[in-house]
């Protein structure tokens, strides 16, 4: 299982290993991972546009990311998947803190106030650090503002 943290700095925990910072093979592979974890399935063109890169560079960065997440695995076995020209993370092998935060908020919204306290407290704990705190890209700033607004409503 790959536990991906986007609140705070981008980190991945898997098989007793912590990957952070340059462990992903550079800034671009780390940002690709963050975008896929945050937004889900995306095309090479979408990634290139958000990252300000050429599509060919995104393809290269994707290979670097795969190699750093799972050294020695083949593209067919990788947690980073490509299906019908779109990239995604294998949902059966990935847990993302942002998704957990959203699940907790949704659970609280469907409960009476006295029963909403626990999921809201848990959501607040998950988001105790700023989303993508080390990223200064426009897409990260926009996502941070979106989640700051969600936190303000807690």
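The values are calculated or read from the model by the stated rules, or taken from the named source; none is laboratory data. Keep in mind that this is a model prediction, so the values were computed, not measured. Because the Cβ atoms are built from the backbone with ideal geometry, glycine has one as well, and the counts that use them run over all protein chains shown.
Go through the range 1-47 residue by residue and tally those that are touching a residue at least 12 places away in the same chain (Cβ under 8 Å) and assigned to a strand (DSSP E or B).
Going residue by residue through the range 1-47, those that are touching a residue at least 12 places away in the same chain (Cβ under 8 Å) are 1-10, 12, 14, 19, 21, 23-26, 28-38, 40-44, 47.
Checking the rest, the ones that are also assigned to a strand (DSSP E or B) come to 2-5, 7, 12, 14, 19, 42-43.
Number of matching residues: 10.
Of the numbered conditions (1) in contact (Cβ under 8 Å) with a residue 24 or more places away in the chain; (2) more than 22 Å from residue 142 (Cβ to Cβ); (3) out of contact with any helix residue (DSSP H, G or I) (no Cβ under 7 Å at 6 or more places or on another chain); (4) outside the structural domain of residue 9 (by TED's automatic domain parsing), residue 67 satisfies every one except a single condition; which is it? That leaves (4) as the condition not met. Of the residues 120, 50, the single one that is more than 16 Å from residue 2 (Cα to Cα), assigned by TED's automatic domain parsing to the domain that holds residue 146 and in contact (Cβ under 8 Å) with a residue 12 or more places away in the chain is 120.
Yes/no matrix, rows are residues, columns are (1) more than 26 Å from residue 1 (Cβ to Cβ); (2) touching a helix residue (DSSP H, G or I) at 6+ places or on another chain (Cβ under 6 Å):
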residue: 30; (1), (2): no, yes
residue: 56; (1), (2): yes, no
residue: 82; (1), (2): no, no
residue: 92; (1), (2): no, no
residue: 99; (1), (2): no, no
residue: 107; (1), (2): no, yes
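To keep it simple, each residue is scored yes or no on (1) under 16 Å from residue 79 (Cα atoms); (2) at pLDDT 95 or above; (3) in contact with a strand residue (DSSP E or B) (Cβ under 6 Å, 6 or more places away or on another chain).
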| site | (1), (2), (3) |
| --- | --- |
| 3 | yes, yes, yes |
| 7 | no, yes, yes |
| 10 | no, yes, no |
| 15 | yes, no, no |
| 20 | no, yes, yes |
| 28 | no, yes, no |
| 35 | yes, yes, no |
| 38 | yes, yes, no |
| 46 | no, yes, no |
